[in-house]
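In what follows, a single structure is set out as structure tokens and then discussed.
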Amino acid sequence: MKISMKMNHDQMKSFSTEVHGTAKPFISGEVFDLNNDTRIRLRDVTEHRAMDFPSVLNFVVEASAAMEVGLITTWLYDKCKASGIDEIDIEEEKVKIVTTASIEKALGEELRKSEKNT
């Protein structure tokens, strides 16, 4: 499942600090382990230095068949809230106001879609 996040320069620094513990650059392929079966991998980064163009982080959720929606929801919500990010894309679903309920709903819908296709 793909999760895209657009953010300005300040949000990018804040998000990096939330994820890494320091404001270091993101590296494509970087993996964030949430538990033994669930991790989020940074697929790619499109970073723009101009202040009026947002940077984009594209993550891929790698999880077991019984995806831990609650764990992923909490991780995303905490990082977005602390970084001032109020809109993310989960596959084709745009989450305009980032709340635990909106993230969980979008993740659940994408999980149901993927289960139908398998």
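The figures follow:
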quantity	calculated
Cα long-axis angle, helix 9-20 against the chain (0 to 90 degrees, to the nearest 10)	60 degrees
Helix 100-116 axis, angle to the chain major axis (alpha carbon atoms, nearest 10°)	50 degrees
Using alpha-carbon coordinates, inclination of helix 69-83 to the longest axis of the chain, degrees	10 degrees
Set of lysines with alpha-carbon distance to LYS81 below 21 Å, sequence-local pairs under 8 removed	LYS2, LYS6, LYS13, LYS24, LYS94, LYS96, LYS105
Contact order relative to length of the chain, as percent, for alpha carbon pairs under 8 angstrom and 6 or more apart	29 percent
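FYI, it's all coordinate maths here, none of it is from the lab. As the structure is a prediction and not an experimental result, all values here were calculated from the model.
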